[in-house]
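The values are calculated or read from the model by the stated rules, or taken from the named source; none is laboratory data. Predicted model, so just to flag it, every value in this text is computed and none were measured. Cβ placement follows ideal geometry from the backbone for every residue including glycine, while neighbour counts extend to all protein chains displayed.
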Amino acid sequence: MDTRKIRIGIAVIVGLVVIFFVVKQFIPNKTTKTNQAHVKPDEKKAELPVRQVAQLLHQACQYADSIGIDTTRYGSDSEVSESKLTNVLLEIRYGKKPSRMVFTGLHEKVDSAWAMKADPTTLATISSFAPYNQLVGYYSQLQKQGRTNPAMADSLRLIRQTLNFYRYINRFDPDQFVLVNIPAGELNVFDRTGKRLLPMQVIAGKPDKRTPCMATYIQDIVMYPYWNVPRNIALEEMLPRMKRNLAYIYNQNLQILDEKNHEVDPEDIDWDGMSTTNFPYRVRQASGCENSLGLLKFNLANPLAIYLHDTNSRDLFTTTNDRWRSHGCVRVQKPVELANLVLGAKTFDAEFMNKCLIDQKPRTLPIPKPFPVFIVYNTADIDADGKLRFYKDVYSLDK
């Protein structure tokens, strides 16, 4: 009887153990299946935006490539992210800061939120600036030719630089702006559609006295300016002439100023003791028709002492094609017209340049608001007739 009870007890225990392991294995399997049933729809939802981002990034990169943007850094690896999409869209609209831009005095207005809602299929419509759109058209044509003609690579590179610059202008959203292109020897005032409001020739820095590239603005305009001669010019070019003959000082209408800014009589200076290392004076050219800055000076915000100005050698615009002969500042062909445009009113008439008023002191004219100025070095660009032009690489920067 006891043996029978023991056997029954053992059977019950074994049965309970079997049931325990069956239930233990069944419950996790059921839970796993249940979890899988819930996870799969969520996973599909998570995968959908990634696929959308990948598709949008592909579309954006295709367009970016067609307008001269290097897209390898956006699509070369397997990682797809919204930040990549945002970055390529922002570069399409705002470009990158040109490598030759040594000074930027303008405040950027980059709308980063725009990229979150931009439609990559409509990117071709975001720019209304005519020269940019025309240049994109030429780039597309040459890009197709470049597939069979490797010689096109250099032209495409130069166009890409200019296209990036035009995109860079969008960071500042100007209604009107001055654009000085050094290789072209030209100044244009553009509106936001790309209309040329005031084209003219300029004379920029010679190859050994290069005009620097910058994004800045006109602060004010000076009538009858002094020319405060840069010290290197005073020492290297003027001092030897002054030492040889004091008449040079009077003929050039120069003034010698001491450290307190008081004018010194040239006859009282011991010129034999003056040298490039011992010259405790500064040189200034008096205002007037013979002043090297002419009758109008356009002060630009920058730490490099670069500005736009009239010239007392206006015949250079008609007697020579050499547009690169200054010490770095930019001489403009139509100073009166530029001043009137910047001031927003006809302040000067056509006769202003022909009047040679005596004993005039500099007078500063405030302008309604800072007027953006871009000084650039674009050897490929669109001319006034909408044609693609390649200009002389006067500073040998594009070799």
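Taken as a whole, region 310-321 holds at least one residue that is in the same structural domain as PRO199 (by TED's automatic domain parsing) and among the aliphatic types (A, V, I, L, M). Yes or no: region 246-267 includes at least one residue that is more than 23 Å from VAL102 (Cβ to Cβ), part of a loop (DSSP other than H, G, I, E, B), touching a helix residue (DSSP H, G or I) at 6+ places or on another chain (Cβ under 9 Å) and not assigned by TED's automatic domain parsing to the domain that holds VAL202. Checking region 246-267: at least one residue is more than 23 Å from VAL102 (Cβ to Cβ), part of a loop (DSSP other than H, G, I, E, B), touching a helix residue (DSSP H, G or I) at 6+ places or on another chain (Cβ under 9 Å) and not assigned by TED's automatic domain parsing to the domain that holds VAL202. The residue that is nearest to the chain's Cα centre (by Cα), counting only those in region 357-399 that are β-branched (Val, Ile, Thr) and over 26 Å from LYS195 (Cα atoms), is VAL394. Taking ALA124, is it crowded, with 16+ Cβ neighbours inside 10 Å and either touching a residue at least 24 places away in the same chain (Cβ under 8 Å) or under 20 Å from GLN55 (Cα atoms) (or both)? It is false that ALA124 is crowded, with 16+ Cβ neighbours inside 10 Å and either touching a residue at least 24 places away in the same chain (Cβ under 8 Å) or under 20 Å from GLN55 (Cα atoms) (or both). In region 311-333, which residue that is in contact with a Lys or Arg (Cβ under 7 Å, 6 or more places away or on another chain) and not in a strand (DSSP E or B) is surrounded by the most Cβ atoms within 10 Å (Cβ to Cβ)? Once the filter is applied, the top-ranked residue is THR311. Taken together, PRO335, PRO303 contain a single residue that is modelled with pLDDT of 95 or more, farther than 13 Å from PRO225 by Cβ and not aliphatic (A, V, I, L, M), which is PRO303. Of all residues in region 212-230, those satisfying the criterion of being farther than 17 Å from PRO372 by Cα and either out of contact with any Ser or Thr (no Cβ under 9 Å at 6 or more places or on another chain) or in a loop (DSSP other than H, G, I, E, B) (or both) are TYR224, PRO225, TYR226, ASN228, VAL229, PRO230.
The number of residues in region 270-288 that are assigned to a loop (DSSP other than H, G, I, E, B) and either in contact with a helix residue (DSSP H, G or I) (Cβ under 9 Å, 6 or more places away or on another chain) or hydroxyl-bearing (Ser, Thr, Tyr) (or both) comes to 6.
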